[in-house]
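This report refers to the structure that appears directly beneath it.
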Amino acid sequence: MTSGHTPEITEKIQALINRSERSLSDVFYGFNNVEESTLKRILDAFHNNNIGQRHFAPTTGYGYDDTGRDALDRVFASALESEAALVRPHIVSGTHAAFLTLSGTLSSGDIMLSVTGKPYDTLEKAIGLDCAQPGSLTAMGVRYEELSLAENGKIDIDALKKRLENSAAPKAVYIQRSRGYAWRDSLLPQDMAATIDLAHNAGSIVIIDNCYGEFTQPHEPCYYGGDLQFGSLIKNPGGGIAPTGGYIAGRASLVERIAERLTVPGIGGEVGSYAASYQPFFQGLFLAPGVTAASLKSAALFADVFSRVGFDVLPAADSPRSDIVESIRLRSADGLKAFCRGIQAAAPVDSSAVPEPWDMPGYSHQVIMAAGSFIQGASIELSADGPMIPPYTAYVQGALSYQHGRLGVLYALEALVMDGIIRVSDIMG
Ligand SMILES: *Cc1c(COP(=O)(O)O)cnc(C)c1O
């Protein structure tokens, strides 16, 4: 018993979870295969770069000839199937990686064309979507255009063809792999290939927001020809160990321009030290396929269990997954709050905190979050969040171990029963 429930209720919930879990064995087997193939790729990268203790030595000052930093870039490049990578603790978030990528690539007069609708919320101000926020891309003279996704949730190839035939070629075509705060499927890297070919024929480069997607599928977007992809190290590729940071990976010439944006033109990625050692970034990358697989299994379990008790979920438990996020429509503000309270109660850290809606910087409406993580805000750890607007969708993601994700399902259901959002009879099916 976890929170004022009778043992009988907990037992019934456990029985439901057991039933779900048994039905998912083929799905889990698929995740194990992806884990092994991506781990093999990462292991090969460690071996080819002869990673040794010397790469973990702290560095200070300018960080000239920092072998740890340089090797980390090379290992990440291979892990992400790219020519080059820039991996830095100084990239403070995924949004920072996104802005560096875009501002290092686009100049005044260039067009950025998003083909997956409106980009992730925190990029609104960085791009300058509503107004040309000083320092934003639009304030720098970049022109922003977007195409909505097609009815089927995929990139609207016909609309893209028409757009490319009828007006000036964009400098960059932009794809968001993950769902963000939208009720849509994540995009499989292989499904980006047609868009990438069209863009290349028009002379455009393709930039992919890869946040939440890394290592969920056998290959990354750059494998299919993507020119640049970026992400956050407190999500999948940090494996729950990297304490902060972000990466940009892709074509070497483009990554070098972005490195010069991060530091200084003419200096680029040749400087930058880290006295705390890069060891957690190497170790985190090594653990990332396993942690990502644990997160995928947890997401599938949330999907199966919550659809059994009558909630709409996306994706369905056995659908292909290209990110670690599961969306669950709780249908009421009380439902969303109870769900987040349950997830928070299952956390190893700050478990007694009660999540409340708040005005989070970068978001246009109130957001509620459950995040009792070791690393502040790390959403590769079990976490949930959602905007406080109908239909009160919780986006749940992460789990450092599958068993912890499973406990998250238990605690969330207990909270929903406790608040009378679902009845015990719903659980018994
Ligand atoms: C998390 C995320 C971002 C932004 O990353 P932060 O680290 O929160 O700034 C951008 N795009 C997507 C799809 C994300 O999931």
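Would you confirm whether any residue within region 262-269 is in contact (Cβ under 8 Å) with a residue 24 or more places away in the chain, over 17 Å from Leu102 (Cα atoms) and of a type in the set (A, V, I, L, M, F, W, C)? For region 262-269, residues in contact (Cβ under 8 Å) with a residue 24 or more places away in the chain, over 17 Å from Leu102 (Cα atoms) and of a type in the set (A, V, I, L, M, F, W, C): absent. Scanning region 137-162 for residues that are touching a residue at least 24 places away in the same chain (Cβ under 8 Å) and in a loop (DSSP other than H, G, I, E, B) yields Leu137, Met140, Gly141, Val142, Leu147, Ser148, Leu149, Gly153, Lys154, Ile155, Asp156. Residues in region 206-251 that are more than 24 Å from Asp185 (Cβ to Cβ), of a type in the set (A, V, I, L, M) and in contact with a Pro (Cβ under 6 Å, 6 or more places away or on another chain) were compared, and the one that is nearest to the ligand (Cβ to nearest atom) is Ala242.
Please find, within region 195-205, the residue that is nearest to the ligand (Cβ to nearest atom) out of those that are more than 14 Å from Gln176 (Cβ to Cβ) and of a type outside the set (A, V, I, L, M, F, W, C). Applying the filter and picking the extreme gives Ser204. Name the pairs: first residue in region 32-59 and of a type in the set (Ser, Thr, Tyr), second residue modelled with pLDDT of 95 or more and part of a helix (DSSP H, G or I), Cβ to Cβ under 6 Å, at least 6 apart or on different chains? From region 32-59, the pairs are Thr38/Pro289.
A single member of Ile175, Ile155 is within 18 Å of Arg251 (Cα to Cα) and within 16 Å of the ligand (Cβ to nearest atom), and it is Ile175. Hey, among Leu301, Leu287, which residue is surrounded by fewer than 23 Cβ atoms within 10 Å (Cβ to Cβ) and either of a type in the set (A, V, I, L, M, F, W, C) or within 16 Å of the ligand (Cβ to nearest atom) (or both)? After applying the criteria, what remains is Leu287. A residue that is modelled with pLDDT of 95 or more, under 27 Å from Val271 (Cα atoms) and part of a helix (DSSP H, G or I) can be found somewhere in region 32-42.
Here the condition is being free of Cβ contacts under 8 Å to residues at least 40 places away in the same chain and under 22 Å from the mean Cα position of the chain (by Cα); of Ala316, Ala299, it holds for Ala316 alone.
Taking Glu146 as the residue in question, decide whether it is among the charged types (D, E, K, R) and within 16 Å of the ligand (Cβ to nearest atom). Yes.
Between Gly141, Gly128, the distinction of being buried (at least 19 other Cβ atoms within 10 Å of the Cβ) and on the phi > 0 side of the Ramachandran plot belongs to Gly128 only. Within region 78-90, the residues that satisfy the criterion of being surrounded by 23 or more Cβ atoms within 10 Å (Cβ to Cβ) and either within 20 Å of Pro243 (Cα to Cα) or among the charged types (D, E, K, R) (or both) are Ala79, Leu80, Ala85, Leu86, Val87, Arg88.
Among the residues making up region 111-121, none is away from the ligand (no atom under 16 Å from the Cβ) and of a type in the set (Gly, Ala, Ser).
Name every residue in region 101-119 that is part of a helix (DSSP H, G or I) and either touching a Pro at 6+ places or on another chain (Cβ under 7 Å) or not hydrophobic (A, V, I, L, M, F, W, C) (or both), in order of residue number. Scanning region 101-119 gives Thr101, Ser103.
Among the numbered conditions (1) acidic (Asp, Glu); (2) out of contact with any Pro (no Cβ under 8 Å at 6 or more places or on another chain); (3) within 14 Å of the ligand (Cβ to nearest atom), the only one that Asp185 does not meet is (2). The residues on offer are Ser108, Ser103, and the sole one that is surrounded by fewer than 22 Cβ atoms within 10 Å (Cβ to Cβ) and either within 24 Å of Gly377 (Cα to Cα) or within 16 Å of the ligand (Cβ to nearest atom) (or both) is Ser103.
Answer with yes or no whether Ala98 is within 14 Å of the ligand (Cβ to nearest atom) and in a helix (DSSP H, G or I). Yes; evaluated as a whole, the condition is true for this residue. Determine whether Asp121 is surrounded by 15 or more Cβ atoms within 10 Å (Cβ to Cβ), at pLDDT below 95 and within 23 Å of Glu214 (Cβ to Cβ). Judged against the criteria, Asp121 is a match. Using the structure shown, decide if Pro348 is touching a strand residue (DSSP E or B) at 6+ places or on another chain (Cβ under 7 Å), assigned to a loop (DSSP other than H, G, I, E, B), free of Cβ contacts under 8 Å to residues at least 60 places away in the same chain and away from the ligand (no atom under 16 Å from the Cβ). The answer is no for Pro348.
The values are calculated or read from the model by the stated rules, or taken from the named source; none is laboratory data. If you're wondering where the values come from, they're calculated on a predicted model, not measured in any experiment. Methodologically, a virtual Cβ is constructed for each residue, glycine included, from the backbone with ideal geometry; neighbour enumeration extends over all protein chains shown.
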